[in-house]
1. Provide Rg and Dmax in Å for region 179-284, with only Cα atoms included in the calculation.
2. Accessible area per residue of the chain at 1.4 Å probe, in Å²?
3. Taking the Cα centroid of region 357-412 and of region 123-157, what is the distance between the two, rounded to the nearest whole Å?
4. Assuming R0 = 25 Å, what is the FRET efficiency of ARG245 and ALA26, from their Cβ-Cβ distance, to the nearest 0.05?
5. Can you give the charge dipole size of the chain about its Cα centre, rounded to the nearest 20 debye, using +1 on the beta carbon of Lys and Arg and -1 on the beta carbon of Asp and Glu?
6. Hey, what's the per residue convex hull volume over the C-alpha atoms of region 14-77, in cubic angstrom?
7. Counting only residues 5 or more places away or on other chains, whose amide H sits under 5 Å from the amide H of ILE99 once H atoms are built in the peptide plane?
8. Based on alpha-carbon positions alone, could you give the equivalent ellipsoid semi-axes of region 341-410 from the gyration tensor, as √(5λ), descending, whole Å?
Amino acid sequence: MPSDAQAVAAPTAGPGDLLERLGIAAGHAAVVGLQWGDEGKGQLVDLLTARYDAVVRYNGGNNAGHSVHIGDQKFALHLLPSGILYPDKLNVIGNGVVIDPSLETGILKEITGLRERGVQVGDNLRISDRAHVVLPYHKVQDALYDGAVAQAWESNAAIGTTGRGIGPCYADKALRSTAVRMGELLEPDKLRSKLQRVVSIKNGLLKALADQCGQPFEPFDPGVIFEQAAAQGEALRPFITDTFRLLHDTIDGGKRVLFEGANAALLDVDHGTYPFVTSSSTSALGVGSGTGLPGRCLNHVVGVAKMYTSRVGGGPHPTELNDAIGEHIRNNGNEFGTTTGRPRRCGWLDLTAVRYSAQLNGATALCCTGLSVLSGLEELKVCVGYDHRGRRLEHFPPDADVLAEATPVYETLPGFSEQIGDARDFDELPGAAKRYIERVEAFVGTPVRVVCVGPRRDQALPRG
Ligand code: GDP
Ligand code: IMO
Ligand code: MG
């Protein structure tokens, strides 16, 4: 058996204990991010998968980048659920996800890459026939649109998307007549004629957009788009199915399901810092629409919060640190995008934001990551409110304009100098590190059940 597969079969961090501490020993649970993404969701999903039968993605696309560290191996997952590293677990990509099927940038690339590393991807993967397809013109539209916005308005109006075509694909889903779903890739005759019409509309729109930006534009050939999409559909045929039925049968059969949120609460299209958000329902509220499972199927929600804040792309980030402390966090936390490689904008922990997101998600427990990154800082600041136009705001203002003008109100806590990456028990942590976590718990009002002192499996410490 390849060494990767062996490593994934034997988690070392005592997931049974973690599950007990998380209070999720029975029922179905979701893991969601409480900030602007990259909180360490992949790490927790990997650990918890040991005790679940199925792991389900319900939103987003390959804008997500979830890293899983096993020993000295690192896996970056974008579309595949993080449970894919376990050969005996069912991994489902629900209808709420948008899928780039390609071998160059999409799911076929991910599957191929994992197989080359000895990870089994076969009967353990199912993709919804109702999930929407990201096609090449969506990626061009993504780049042109964000560029046009930056050019026509001002540079800080650009969202700074991942360029993966996510927004344009969800926009087509809402427009309906120009959308393509995964199931349609399996019907070549219908697909050919649909793409003839759709690509002609897209070429017209994109040409106008490119002209406005002063960019060159090479029209897409509908025949080529069709040939590629049909071949990708054929390659993915074994995985594409009615996941509504599959998931209901799974749950009715007494199996346990773990939902893996992509992106994060503050990037939610309704409740995030709009318009600097992604285009899907990123919180636990998205589980129902993104899978077809009713709300009662979700018993627990574990919110993942990093003990500082990072953000990639545009939009307000009140606690951002453009100084040596920000650099310290970026370098210590290796804060460079898993998907795009962009340096992440790092800053102090915003507790008002985490409390808002915990409420939005109905979080029943918190997992705090990134604590070890703060080691070496003399004092630690946490944002507990804002000053805005002479008024004190006690609650997080998701309105991007208000947030851009808001000045954080900080509480200062003592820092710690010890390296804590080798701690294997919460009680081994320095007093200041423990007090920091206790302050988080008290402010957010949700119990902290796991504290991560690094990204590996053995660095997740149960608490409480
Ligand atoms: P995800 O998208 O939520 O799965 O998170 P990513 O894998 O994209 O990013 C997590 C980021 O946090 C990486 O840059 C890690 O290096 C950094 N990091 C710092 N401390 C920790 C930790 O304790 N656990 C994890 N998982 N990541 C950490
Ligand atoms: P994970 O799951 C961090 C951000 C992008 C951009 C905005 C919109 O790894 O936490 P999009 O391409 O979705 O239209 O970009 O959202 N963004 C993320 N930032 N982590 C993510 O996912 C993200 N998914 C989207 O950087 O600012
Ligand atoms: Mg990420």
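The values are calculated or read from the model by the stated rules, or taken from the named source; none is laboratory data. Bear in mind the structure is a predicted one, so any value in this text is a computation, not a measurement. FYI the Cβ positions are ideal-geometry reconstructions off the backbone, even for glycines, and counts take in every protein chain you see. Accessible surface is based on the protein model in full, side chains and every heavy atom, while ligands, DNA and RNA are left aside. Shrake-Rupley method; radii C 1.70, N 1.55, O 1.52, S 1.80 Å.
1. Reported Rg and Dmax, both Å: 19.0, 57.
2. Numbers: 18180 Å² over 464 residues.
Per-residue value: 39 Å².
3. 30
4. Numbers: r = 24 Å, r/R0 = 0.96.
Using R0 = 25 Å, I get an efficiency of 0.55.
5. Details: 46 positive and 54 negative charges, 162 e Å.
For this selection, approximately 780 debye.
6. Details: hull volume 6.7 nm³, N = 64.
Spelled out: Cα convex hull of region 14-77, divided by residues, is 104 Å³.
7. Residues meeting the criterion, in which the H sits 1.01 Å from N, are HIS132, VAL133, VAL134.
8. Details: eigenvalues 96, 60, 35 Å².
Equivalent-ellipsoid dimensions as semi-axes: 22, 17, 13 Å.
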